[in-house]
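K.L.:
Can you read through this structure? Questions will come right after.
The values are calculated or read from the model by the stated rules, or taken from the named source; none is laboratory data. All of these numbers come straight from a predicted model, not from anything done at the bench. All Cβ positions, even for glycine, are placed from backbone atoms using ideal geometry, and neighbour counts span all protein chains on display. These accessible areas exclude ligands, DNA and RNA; they are computed on the full protein's heavy atoms, side chains included. Shrake-Rupley method; radii C 1.70, N 1.55, O 1.52, S 1.80 Å.
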Amino acid sequence: MDIGYEVPPGEFVHDFLEDTGMTVSEFCEKTGISEKDYGLLKEGRMPLERGVAERISAALGTSVEFWTNLESDFRNCIKQQTDNEKKGKRNDN
């Protein structure tokens, strides 16, 4: 089933941090992710690769699959939007 997530996995990380009271600095220290890369993940401008998903899951007590599935859903949604935009442009001509 396609849920159509338009929210990058990094937004979910942000929500976890708010819910747990963990600061971005603490999260970055636990995961070895720079604050710059955290920002890119949050914006969806940096793919969440499996190694990063493993570090995030260890820091937040979640499964790796949770993060890789969110990433896959997000990227599929972006691809679908891009494909639909291309189709729309072709139909406008």
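K.L.:
Condition check: at positive phi, loosely packed, with under 15 Cβ neighbours inside 10 Å and either in contact (Cβ under 8 Å) with a residue 24 or more places away in the chain or of a type outside the set (Val, Ile, Thr) (or both). Does Gly51 satisfy that?
P.N.:
no
K.L.:
Return the pair list, or none, for Cβ contacts closer than 8 Å from residues in the range 24-39 that are over 13 Å from Leu60 (Cβ atoms) to residues that are open to solvent by less than 60 Å² (accessible area, probe 1.4 Å) and in a loop (DSSP other than H, G, I, E, B), at least 6 apart or on different chains.
P.N.:
Close Cβ pairs satisfying both conditions: Asp37/Met46.
K.L.:
Among (1) touching a helix residue (DSSP H, G or I) at 6+ places or on another chain (Cβ under 6 Å); (2) in contact (Cβ under 8 Å) with a residue 40 or more places away in the chain; (3) open to solvent by 20 Å² or more (accessible area, probe 1.4 Å), which single condition is Ile56 missing?
P.N.:
That leaves (3) as the condition not met.
K.L.:
Next question, about the same structure. Out of all the residues in the range 27-39, is one or more touching a Lys or Arg at 6+ places or on another chain (Cβ under 6 Å) and among the polar types (S, T, N, Q)?
P.N.:
Yes: the range 27-39 contains one or more residues that are touching a Lys or Arg at 6+ places or on another chain (Cβ under 6 Å) and among the polar types (S, T, N, Q).
K.L.:
Could you list, in sequence order, all residues of the range 59-78 that are surrounded by fewer than 18 Cβ atoms within 10 Å (Cβ to Cβ) and under 11 Å from the mean Cα position of the chain (by Cα)?
P.N.:
Result: Phe66, Asn69, Ser72, Asp73, Arg75.
K.L.:
Further, regarding this structure: Pick from the range 2-17 the residues that are farther than 12 Å from Leu70 by Cβ and part of a helix (DSSP H, G or I): which of them is most open to solvent (accessible area, probe 1.4 Å)?
P.N.:
Restricting to residues being farther than 12 Å from Leu70 by Cβ and part of a helix (DSSP H, G or I), the top hit is His14.
K.L.:
Would you mind telling me which numbered condition in (1) open to solvent by 70 Å² or more (accessible area, probe 1.4 Å); (2) without any contact (Cβ under 8 Å) to a residue 40 or more places away in the chain; (3) of a type in the set (Val, Ile, Thr) Thr20 fails?
P.N.:
Looking at each condition in turn, Thr20 falls short on (2).
K.L.:
Specify the residue that is farthest from Lys79 (Cα to Cα); the eligible residues are those in the range 27-66 that are in a helix (DSSP H, G or I) and touching a Leu at 6+ places or on another chain (Cβ under 8 Å).
P.N.:
Our first condition is that a residue be in a helix (DSSP H, G or I); within the range 27-66, this holds for 27-31, 35-43, 50-60, 64-66.
Remaining after also requiring touching a Leu at 6+ places or on another chain (Cβ under 8 Å): 27, 41, 52, 56.
On the way: Phe27: 29, Leu41: 17, Val52: 22, Ile56: 24 Å.
Restricting to residues being in a helix (DSSP H, G or I) and touching a Leu at 6+ places or on another chain (Cβ under 8 Å), the top hit is Phe27.
K.L.:
Moving to a separate point now. Can you go through Gly44, Gly39 and tell me which one is closer than 22 Å to Glu6 by Cβ, open to solvent by less than 80 Å² (accessible area, probe 1.4 Å) and in contact with a Pro (Cβ under 9 Å, 6 or more places away or on another chain)?
P.N.:
From the options Gly44, Gly39, the qualifying one is Gly44.
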